[in-house]
């Protein structure tokens, strides 16, 4: 009997001609490069041996960068209040922290008043996403703000920016979200996707855009005589590394360069609060990677905005006192536990809700009792379980607030354009989106229209899970030379996933359920030529009762290292399995 969870899609093998063209590159590594559409020596050099001075793009390539820099220095010199307005997720909080850090450095370098640099992050449920008219009025009345710098938002907030202009307040937008039909025209825009923008990297996160602004500000400060060392801005890369992963930006090209150097900085970060958070979450300095960000750091930073207010995370990242930093990190740890509890409860309720509905191309779960701050997490869990795009909608006051997560190639944000007439506001990326709806009538129209759109656009074969396999290997090809070559592909993440391989016609020579309640399966397999390798299949423990020694087996797996008592051995981490009849 065959057991299989997904369609296996094996990449087309590179030709002998390609192998001869790049004989110095391990053939499996060359296949991986080819699969990532890296075809020239220059592209491969950037991937395998990134060089900061050679490969990083100049911030000056942004058309309006110099204009933004001059306006900021003008504000500092004229003692105008500058407010950095960030989003409430990890990207917005990291970007807010980054620009505040930079602006305070400039104030110290030129003896400007640091109190004139302020910050603002909206409350997720009470205020919603982006810069609002109400916030503009608040900043004018209470802060006397004359320059607003948005981070990870702003491009969709023309009304608020126009309103700010009536008070004599200028705005600089640092954003990366999808471009709306109508964009602000009374502002300075630093955004890689704006029409006519020639900045090469179109996939910067919001913090990445803010980093480019900070680099230009430090450079201008040096020109004006500030004693800021060359390369000083690299100490901001820990924030860029966190935001790039948490906002699921592709780790190729310049983003991969930013992530690699960012991880180096993260592992020796000077931010006391970030260090405390990493320690409390169980991270180990020197080994922090994209997984550490995705499962330890990111969720805790995001928890603040989902449960309480994102300023908890901002205060932590800006903390300079060790006692305060410890207290804030512990508070964020407890907030994250509450986030886990509430999202788990909502997930269970969402599954019950969906069980009463027809199973369609997309799933839409709705409840007046669900917290808008957690609907995105629940959507992500439902995608993992049901393998199709999901929208989850909660309620805040008189607004329905929703979040979407994609599966396959379906663009959850683009779909919202087709129902925009019934939305209060919306935004996001192809993979994730947020939106709000006023009134039950509009809610019904949005739900019905999204289902109709998905029925037209999504084919049934698009909803079958598939595994993208880099190459089919024999067990004899799996050795330390191969492992070392694969390590050159790190850091792994969106757009540069950890390589998957397949092997067929293996013989099962041992197996045993392991872990709590035997949830996992430990096994050994032998190739036709006699090579034996150990493997671990997490979540496959239930297969043990249906298999026997000597059966033929096909595997999809990652090549990993198993370490114990100072020993190291190569091990296959199984992602899918076909167990055939006895040979």
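The values are calculated or read from the model by the stated rules, or taken from the named source; none is laboratory data. All figures in this text were calculated on a predicted structure; none of them were measured in a lab. Here Cβ is always computed from backbone atoms with ideal geometry, including for glycine, and neighbour counts include all displayed protein chains.
Residue by residue, here is whether (1) under 25 Å from residue 87 (Cβ atoms); (2) in a loop (DSSP other than H, G, I, E, B) holds:
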position: 354; (1), (2): no, no
position: 361; (1), (2): no, yes
position: 364; (1), (2): yes, no
position: 384; (1), (2): yes, no
position: 391; (1), (2): yes, no
position: 400; (1), (2): yes, no
position: 403; (1), (2): yes, no
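Within the option set 219, 254, being closer than 18 Å to residue 174 by Cβ, modelled with pLDDT of 95 or more and over 21 Å from the mean Cα position of the chain (by Cα) holds for one residue only, 219. Taken across the stretch 486-498, residues that are farther than 22 Å from residue 8 by Cα, out of contact with any strand residue (DSSP E or B) (no Cβ under 9 Å at 6 or more places or on another chain) and part of a helix (DSSP H, G or I) do occur, with at least one present.
Can you confirm whether the stretch 426-437 contains a residue that is in contact with a strand residue (DSSP E or B) (Cβ under 9 Å, 6 or more places away or on another chain) and assigned to a helix (DSSP H, G or I)? No, because not a single residue in the stretch 426-437 is in contact with a strand residue (DSSP E or B) (Cβ under 9 Å, 6 or more places away or on another chain) and assigned to a helix (DSSP H, G or I). Residue 524 - would you say it is out of contact with any helix residue (DSSP H, G or I) (no Cβ under 8 Å at 6 or more places or on another chain), under 30 Å from residue 257 (Cα atoms) and crowded, with 16+ Cβ neighbours inside 10 Å? Here the answer is no, as residue 524 does not meet what is asked.
I'm trying to understand the selection: among the residues of the stretch 243-270, which are in contact (Cβ under 8 Å) with a residue 60 or more places away in the chain and assigned to a loop (DSSP other than H, G, I, E, B)? Hits for the stretch 243-270 are 247, 248, 249, 250, 251, 252, 253.
Which of the residues belonging to the stretch 530-550 are in a strand (DSSP E or B) and buried (at least 19 other Cβ atoms within 10 Å of the Cβ)? Result: 533, 535, 537. Scanning the stretch 271-290 for residues that are surrounded by fewer than 22 Cβ atoms within 10 Å (Cβ to Cβ), touching a residue at least 12 places away in the same chain (Cβ under 8 Å) and either assigned to a helix (DSSP H, G or I) or out of contact with any helix residue (DSSP H, G or I) (no Cβ under 8 Å at 6 or more places or on another chain) (or both) gives 272, 275, 279, 280, 286, 287. Taken together, the residues in the stretch 461-487 that are within 29 Å of residue 435 (Cα to Cα) and free of Cβ contacts under 8 Å to residues at least 12 places away in the same chain amount to 1. Being at negative phi, touching a helix residue (DSSP H, G or I) at 6+ places or on another chain (Cβ under 7 Å) and in the same structural domain as residue 433 (by TED's automatic domain parsing) is a property that holds for residue 365.
Once the stretch 133-154 is narrowed to residues that are without any contact (Cβ under 8 Å) to a residue 40 or more places away in the chain and within 18 Å of residue 87 (Cβ to Cβ), the residue that is surrounded by the most Cβ atoms within 10 Å (Cβ to Cβ) is 136. Would you confirm whether or not the stretch 420-432 contains a residue that is modelled with pLDDT of 95 or more, crowded, with 20+ Cβ neighbours inside 10 Å and under 21 Å from the mean Cα position of the chain (by Cα)? Looking through the stretch 420-432, none of the residues is modelled with pLDDT of 95 or more, crowded, with 20+ Cβ neighbours inside 10 Å and under 21 Å from the mean Cα position of the chain (by Cα).
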